[in-house]
Amino acid sequence: MSSRLTLALRLYREGKVSFYSTDLEELAKMGLPYTKAPIFYNPRMKLNRDVTISIFSSLSLKSAADLMAASGVRALRLKAEGGAEEVFACDSNCLSAQIIKMNVKLNKLSGIRVKCSDARLEAERMAWENERVDYLDLDPFGSPAPFLDSFLRAVKRGGIIGITATDEPPLFGIYPDKLLRYYGVWGKKLPFCKEFGIRSLISFTIRTAARLDLAAEPLLSYGEGHYVRAYFRIERGAERSKHLLKELGWVLYKEGDFEIIRGIDEMPRGAMGPIWVGKIVEPEFLGKLSPLNEEVGKLFEKLKEEADGPPFYQRLDIICSKLNMRIPKPKIVIESLREMGHFAARSHLDPLGIKTTAKREEIEDLIRKLTSS
Ligand SMILES: C[S@@+](CC[C@H](N)C(=O)[O-])C[C@H]1O[C@@H](n2cnc3c(N)ncnc32)[C@H](O)[C@@H]1O
């Protein structure tokens, strides 16, 4: 019996690179989703990679690693568009590693090292052999939690780690037991569950880093499509990490309204967390970034608008359903709240989500006024 493997490949283009990966149309014809591809490539994650390239090139970083490189598209783009001098691409799927080598040649790129190996093993080796990188990408199937310890050790001090989490049901509190087991956070699904997921991921990363005497400073986090993404600067030092731990806290959710409790010294009855209650976007960091293209520019604009806002958001659809009133235009609500002297901005996570310093009753009164006029 022949043991030959037949693989339908397709030539793709993303950013400035061309690369071979599984033919996703052929896969779909066989009734298989893209997650079953022998070599993984998700075109819908292009914005995720565009943001990585924007950050890497804006900070003029030199070395990068994608230890779960799949088709190698992110690694190739870090070299071709990000200006990286050295890139390390690794995947535990040896077929992926073979294709990445082929894709490196196809793009006539040098300075990309490719290996078939386990990501955690390589991250620990990088730390042990002092081959830490300026930028490390953590982009697993599902939760990044099992990989975080080793990955944090493989980032140069002052370097950046970019983390993707696609395990939204646990992070969003839909599976509270898994949220607790994977992230050490207690929570249930709330109306602003997407931001709760981001704040849980940040809290987990800070606490994991603190165990290693590292400080993971949150720089920029967002949610899009079916994933959340968070970037951190990694510094050494227990003092720095203690400072970050002070910005953990709880959220108390009651009858449609919520309260933020800063500090984790005491857990109030019924509270959820510990979550990050500081900024999810650092305006100073965002100000240093040049967006790679219009789509990244639009995302950065949205993040800039809400960056100085308080944690979480009020949902106009939920408030209006309670008041039995039509939903006013979010833009009008935001302008009115600003005229009242409040911070107000739309959340990038929900088209009807308003981040504001106004109290719930004030928003309800405003909606009554707006819808009756
Ligand atoms: C979501 S994909 C990564 C996508 C890629 N970073 C990109 O931007 O296109 C996850 C990849 O991780 C690989 N993988 C899973 N477990 C791994 C492990 N323990 N070590 C290394 N690679 C692993 C899979 O083979 C798959 O290619």
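The values are calculated or read from the model by the stated rules, or taken from the named source; none is laboratory data. Because the structure is a prediction, the values reported are computed rather than measured. Glycine gets a Cβ as well: all are built from the backbone with ideal geometry, and neighbour counts include every protein chain shown. Quick note on the areas: whole protein, heavy atoms, side chains included, nothing else; ligands and nucleic acids left out. Shrake-Rupley method; radii C 1.70, N 1.55, O 1.52, S 1.80 Å.
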Is it true that some residue in the stretch 119-126 is among the hydrophobic types (A, V, I, L, M, F, W, C), in a strand (DSSP E or B) and touching a helix residue (DSSP H, G or I) at 6+ places or on another chain (Cβ under 6 Å)? no
Scan the stretch 278-295 residue by residue and report those that are closer than 14 Å to ASP308 by Cβ and either hydrophobic (A, V, I, L, M, F, W, C) or open to solvent by 20 Å² or more (accessible area, probe 1.4 Å) (or both). LYS279, ILE280, VAL281, GLU282, PRO283, GLU284, PHE285, LEU286, GLY287
Under 9 Å by Cβ, and 6 or more places apart or on different chains, what pairs join a residue from the stretch 87-110 that is assigned by TED's automatic domain parsing to the domain that holds VAL155 and within 15 Å of the ligand (Cβ to nearest atom) with one that is aromatic (Phe, Trp, Tyr) and in a loop (DSSP other than H, G, I, E, B)? ASP91/PHE40; ASN93/PHE40; SER96/PHE40
Criterion violated by LYS189 - all others in (1) open to solvent by 10 Å² or more (accessible area, probe 1.4 Å); (2) within 16 Å of the ligand (Cβ to nearest atom) satisfied: (2)
Those residues of the stretch 332-365 which are open to solvent by 50 Å² or more (accessible area, probe 1.4 Å), among the basic types (Lys, Arg) and within 16 Å of LYS304 (Cα to Cα), in sequence order: ARG346
Complete set of residues in the stretch 113-130 that are more than 10 Å from the ligand (Cβ to nearest atom) and in contact (Cβ under 8 Å) with a residue 40 or more places away in the chain: VAL114, MET126
Only one of ILE206, ILE198, ILE202 is part of a helix (DSSP H, G or I), β-branched (Val, Ile, Thr), touching a Gly at 6+ places or on another chain (Cβ under 7 Å) and touching a residue at least 12 places away in the same chain (Cβ under 8 Å); which? ILE198
Looking at (1) open to solvent by 10 Å² or more (accessible area, probe 1.4 Å); (2) assigned to a helix (DSSP H, G or I); (3) touching a helix residue (DSSP H, G or I) at 6+ places or on another chain (Cβ under 9 Å); (4) not acidic (Asp, Glu), which one does THR35 not meet, given that it meets all the others? (3)
Is the stretch 166-180 home to any residue that is buried (at least 18 other Cβ atoms within 10 Å of the Cβ), among the β-branched types (Val, Ile, Thr) and modelled with pLDDT of 95 or more? yes
Considering residues that are more than 17 Å from ILE161 (Cα to Cα) and open to solvent by 60 Å² or more (accessible area, probe 1.4 Å), the number found within the stretch 218-239 is 3
If you check LEU352, LEU323, LEU366, which single one turns out to be over 30 Å from SER241 (Cα atoms) and touching a strand residue (DSSP E or B) at 6+ places or on another chain (Cβ under 9 Å)? LEU352
Please find, within the stretch 199-217, the residue that is surrounded by the fewest Cβ atoms within 10 Å (Cβ to Cβ) out of those that are more than 18 Å from TRP250 (Cα to Cα) and in contact with a Phe, Trp or Tyr (Cβ under 7 Å, 6 or more places away or on another chain). GLU217
Selection from the stretch 13-35 of residues that are in contact with a strand residue (DSSP E or B) (Cβ under 9 Å, 6 or more places away or on another chain) and within 17 Å of ASP91 (Cβ to Cβ): PHE19, TYR20, SER21, THR22, TYR34
Out of the stretch 42-79, which residues are within 14 Å of the ligand (Cβ to nearest atom) and open to solvent by 10 Å² or more (accessible area, probe 1.4 Å)? PRO43, ARG44, MET45, LYS46, LEU47, ARG49, MET68, ALA70, LYS79
Output yes when any residue across the stretch 256-272 is on the phi > 0 side of the Ramachandran plot, open to solvent by less than 30 Å² (accessible area, probe 1.4 Å) and not in a helix (DSSP H, G or I), and no when none is. yes
